[in-house]
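The values are calculated or read from the model by the stated rules, or taken from the named source; none is laboratory data. What you are looking at is a predicted structure, and each value in this text was computed from that prediction instead of being measured. Virtual Cβ from ideal backbone geometry, glycine too; neighbours counted across all protein chains shown.
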Amino acid sequence: MKDAVTLRMALPRIPDIELVALEGLERLALHLGISGGKIGEARILVTEALINAFEHAGDKHPLVRVEFTMTPKELTIFVRDYGEGFEPSAVENTEAATQTRPMKTRGWGLKLMKSLSDGFRIQSGKSGTKITITKLLS
């Protein structure tokens, strides 16, 4: 991407560490003159992706890598954990009607990320999960 700015971080699993990533995201936006309103949904995407990554990273490799590449028109968010992975196609398509049961609390994060993004790709295997999200900013 022409005129792109990239920020890479390796985040340990400690309380509220996602705030460091969000601060970095906001600093990139400020540098490129992107309004806070345009970054609002991106903040939700980053938070959801990181919460999922830390939850599924496991205790053996509790490190999550995050990378933001931003231009004035587009943001690419890359999040990688080193957990055991899962089969993305096996994740149930979550619908509101099926989520009213108290025991059914899984699957909302992926659905939310897909709905707020302009591009969403997930790759997962035995060595971890990679999520790539694209968000248009203009």
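Here are the numbers:
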quantity: Count - residues of the stretch 47-65 that are within 16 Å of Trp108 (Cβ to Cβ) and among the aliphatic types (A, V, I, L, M); calculated: 4
quantity: Given (1) over 22 Å from Leu116 (Cα atoms); (2) touching a residue at least 12 places away in the same chain (Cβ under 8 Å), index of the condition Asp59 fails; calculated: (2)
quantity: Tally, over the stretch 1-45, of residues that are assigned to a helix (DSSP H, G or I), under 12 Å from Ile77 (Cβ atoms) and hydrophobic (A, V, I, L, M, F, W, C); calculated: 8
quantity: Extreme residue, surrounded by the most Cβ atoms within 10 Å (Cβ to Cβ), among residues of the stretch 50-72 that are at pLDDT 95 or above and in contact with a strand residue (DSSP E or B) (Cβ under 7 Å, 6 or more places away or on another chain); calculated: Val64
